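Here is the structure we will look at, set down as structure tokens.
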Amino acid sequence: MLVILPPSETKRAGGVGQLDPHALSHARPLGNARERVREALEALCVDPDEAARVLKLGVKARGEIGLNQALGTSGTLPAIERYTGVLYDALDVLSLGSAAREWIGRHVAVQSALFGLLAADDLIPAYRLSAGSRLPELGASLKSVWQQAHLEGIWNSDTWVLDLRSKDYAALAPFPAELGAALAVAQRTADGQVRALNHFNKAAKGDLVRRLARSGAEISSAGEFADWAREQGLEVHVEAGSGALTLVTTLGAAPLGQASASGARSAG
């Protein structure tokens with residue numbers, strides 16, 4: 001199986017060595033697009049004020065423009081270790097044992113706005129670029145550049161894909177529907193109701209990948225994934241016909257008494 005994660009705007013600092021674009025996964029199909037996007041981002045960041053405007057960086061985040069000005073000289077980390085934030089904190093890859101960490105290296109990818117589809121262990125520098133950013137020097141949207149680049153030589157017909165990306169990042173590199181499924185996340189509240197999640201969506205996905213890695217799961221279909229989830233004590237639903245997947249979690253759900261008290265306070 002291949003689990004595809006979204007990136008995170010926040011990145012872990014540090015690293016060693018320098019970026020080698022030719023050493024990244026899918027260098028042949030994605031190499032030209034990676035070069036175009038990187039050159040456009042570096043050109044934008046020559047003017048810090050314009051870069052802050054285009055990248056929608058507030059005062060506290062303006063220092064991240066310097067990351068984009070040093071893509072070729074700053075240190076690198078494995079992609080799965082570079083990203084931080086709610087999902088990656090829940091995954092907590094640095095605390096995994098060697099077998100689980102090796103599973104991550106074989107089965108996990110990250111969709112980057114700067115580099116396209118990355119393997120978990122691809123060595124990358126810190127940077128700042130989001131899927132919705134528009135780079136004037138690129139002459140096209142990130143979406144159109146990356147969609148074209150991912151058309152061939154990326155997807156393995158023998159590998160089932162579990163897509164955990166947000167909509168913006170999934171749109172950069174759609175995969176053939178028959179190869180896998182996207183996972184939606186919902187919350188079961190203390191009173192049994194199911195509702196959509198926001199913040200805990202990411203935490204649930206990070207926890208899911210951690211469980212997959214620690215169990216050493218080898219999964220080749222939505223049905224097998226649902227079976228594995230049940231064995232893990234997780235609630236996963238497979239939609240008949242489409243094969244769409246929904247993980248129902250209790251993460252973030254207040255105990256029934258607490259939820260009722262909160263509702264009473266709000267009503268007052």
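Has region 65-80 got any residue that is under 15 Å from Ile4 (Cα atoms), in contact with a Pro (Cβ under 7 Å, 6 or more places away or on another chain) and hydroxyl-bearing (Ser, Thr, Tyr)?
no
Here is a list: Glu81, Glu35, Glu42. Which entry is of a type outside the set (A, V, I, L, M), surrounded by fewer than 14 Cβ atoms within 10 Å (Cβ to Cβ) and under 26 Å from Gly17 (Cβ atoms)?
Answer to the check: Glu35.
Can you tell me how many residues in region 182-216 are of a type outside the set (S, T, N, Q), touching a residue at least 40 places away in the same chain (Cβ under 8 Å) and within 27 Å of Ala171 (Cβ to Cβ)?
20
Based on what the data block shows, is Asp207 charged (D, E, K, R) and more than 19 Å from Leu251 (Cβ to Cβ)?
No; evaluated as a whole, the condition is false for this residue.
Within region 143-182, how many residues turn out to be farther than 27 Å from Ala204 by Cβ and of a type in the set (A, V, I, L, M, F, W, C)?
3
May I ask you to list the residues in region 174-199 that are farther than 24 Å from Glu224 by Cα and either in contact with a helix residue (DSSP H, G or I) (Cβ under 8 Å, 6 or more places away or on another chain) or at pLDDT 95 or above (or both)?
Thr189, Ala190, Asp191, Leu197, His199, listed by residue number.
Can you find, within region 144-163, the residue that is surrounded by the fewest Cβ atoms within 10 Å (Cβ to Cβ) among those that are within 14 Å of Ser112 (Cβ to Cβ) and of a type outside the set (Gly, Ala, Ser)?
Filtering region 144-163 for residues that are within 14 Å of Ser112 (Cβ to Cβ) and of a type outside the set (Gly, Ala, Ser), the one surrounded by the fewest Cβ atoms within 10 Å (Cβ to Cβ) comes out as Ile154.
Residues to consider are Gly31, Gly63; find the one that is within 20 Å of Leu117 (Cβ to Cβ), free of Cβ contacts under 8 Å to residues at least 60 places away in the same chain, assigned to a helix (DSSP H, G or I) and not β-branched (Val, Ile, Thr).
Residue meeting the stated conditions: Gly31.
Quick check on my filter: what residues within region 74-84 are of a type in the set (Val, Ile, Thr), out of contact with any helix residue (DSSP H, G or I) (no Cβ under 8 Å at 6 or more places or on another chain) and part of a helix (DSSP H, G or I)?
Scanning region 74-84 gives no hits.
Name, by its number, the condition in (1) within 24 Å of Ala213 (Cβ to Cβ); (2) in contact (Cβ under 8 Å) with a residue 24 or more places away in the chain that does not hold for Asp158.
The failed condition is (2).
Do you know which of the residues in region 134-143 that are assigned to a loop (DSSP other than H, G, I, E, B) and among the hydrophobic types (A, V, I, L, M, F, W, C) is surrounded by the most Cβ atoms within 10 Å (Cβ to Cβ)?
Per the criteria, the residue is Leu135.
Against the definition (in a loop (DSSP other than H, G, I, E, B), at pLDDT below 95, surrounded by fewer than 23 Cβ atoms within 10 Å (Cβ to Cβ) and out of contact with any strand residue (DSSP E or B) (no Cβ under 7 Å at 6 or more places or on another chain)), how does Ala131 come out, yes or no?
no
Taking only region 94-113 into account, find how many residues are under 30 Å from Leu151 (Cα atoms), surrounded by fewer than 21 Cβ atoms within 10 Å (Cβ to Cβ) and in contact (Cβ under 8 Å) with a residue 40 or more places away in the chain.
Qualifying residue count, region 94-113: 1.
Only residues that are among the small types (Gly, Ala, Ser) and outside any helix (DSSP H, G or I): list them for region 208-243, please.
Those that are among the small types (Gly, Ala, Ser) and outside any helix (DSSP H, G or I): Gly216, Ala217, Ser220, Ser221, Gly233, Ala240, Gly241, Ser242, Gly243.
Could you say which residue among Leu118, Leu94, Leu114, Leu71 is outside any helix (DSSP H, G or I), more than 16 Å from the chain's Cα centre (by Cα) and either modelled with pLDDT of 95 or more or more than 21 Å from Ala13 (Cβ to Cβ) (or both)?
After ruling out the rest, the residue left standing is Leu71.
Among the residues of region 195-217, write down those that are over 16 Å from Leu164 (Cβ atoms) and either of a type in the set (Lys, Arg) or surrounded by 13 or more Cβ atoms within 10 Å (Cβ to Cβ) (or both).
Within region 195-217, Arg195, Arg214, Ser215 meet the criteria.
The values are calculated or read from the model by the stated rules, or taken from the named source; none is laboratory data. Source: prediction; values computed, not measured. We place every Cβ from the backbone using ideal geometry, glycine too, and count neighbours over all the protein chains shown.
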